[in-house]
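Bear in mind these aren't lab numbers, they're just calculated from the coordinates by the rules spelled out. Please read these numbers as outputs of a predicted model, since none were measured by experiment. Here the Cβ positions follow ideal geometry from the backbone for every residue, glycine too, while neighbour counts run over all protein chains shown.
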Amino acid sequence: MVRWVYSVEKIYETKTTTTHVIILWASRHPPLREQISQLEKKFNSIAIYQVSGVIPSAEALLEVAEKVKAKIIVPVLPLSVIAKLVELTKKQDTIILLAKMNNIAVTRDINEAQRIVAEKPDSRTIATYADGVVRVFEFDKFEKIVEVKLITEPI
């Protein structure tokens, strides 16, 4: 039997109140400070739980959301999992958000990438790839995912 390994941890909570909108952040990376700020502007008082590790399915992620009583999920996961998650939550009051990130630089020099991130550390992050490419992404905004479609045509 394969055992899926993931952890759930509260990583942020607005300190000015005791009532919070609970957000499940499904990513191996914690949210950027600008992302937290935008979520607080939208939902006022928030608590963010981060789930990281191997999440086997959208159903498993929903189980985690139910355990922590999250009404908002921010998945940084494969598109197929996000699509299933959106489908499963259509008849619920769960909101699925997409963190829109703009690719602002591509390099093979990690020092250059770190310098670019250091210019705006609250809203920028680095992603490294197996082929040595390093991309710098900057957070733009959150959008609610309403539907995921994949449309193809013969070539």
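Some notes on this structure:
- Which label in [x] 167; [y] 100; [z] 127 gives the computed volume of the Cα convex hull per residue in Å³: [x]
- P(r) for the stretch 101-141, from all Cα pairs and a bin width of 5 Å, is 6, 29, 36, 20, 8, 2 %, short bins first.
- A simple count of charges around ILE48, restricted to other residues whose Cβ falls under 11 Å of its Cβ and scoring Lys, Arg +1 and Asp, Glu -1, yields -2.
- Formal net charge of residues neighbouring GLU9 (Cβ-Cβ distance under 13 Å; K, R +1; D, E -1): +2
- For the cross-link pairs LYS120/LYS141; LYS84/LYS144; LYS42/LYS91; LYS15/LYS120; LYS42/LYS71, the ones whose C-alpha atoms lie over 18 Å apart are LYS42/LYS91; LYS15/LYS120.
- Among the GluC sites (Glu not before Pro) in the stretch 85-155, those placed in a DSSP loop whose Cβ has at most 15 other Cβ atoms within 10 Å are GLU147.
- In this structure, HIS20 and VAL106 have a Cβ-Cβ separation that, at R0 = 41 Å, corresponds to a calculated FRET efficiency of about 0.60.
- Extension gain, TYR6-LEU77: 0.36 nm per intervening residue step, less the Cα-Cα distance, totals 24.2 nm.
- The stretch 6-96 gives an Rg/Rh value of 0.94, both radii derived from C-alpha positions and Rh following Kirkwood.
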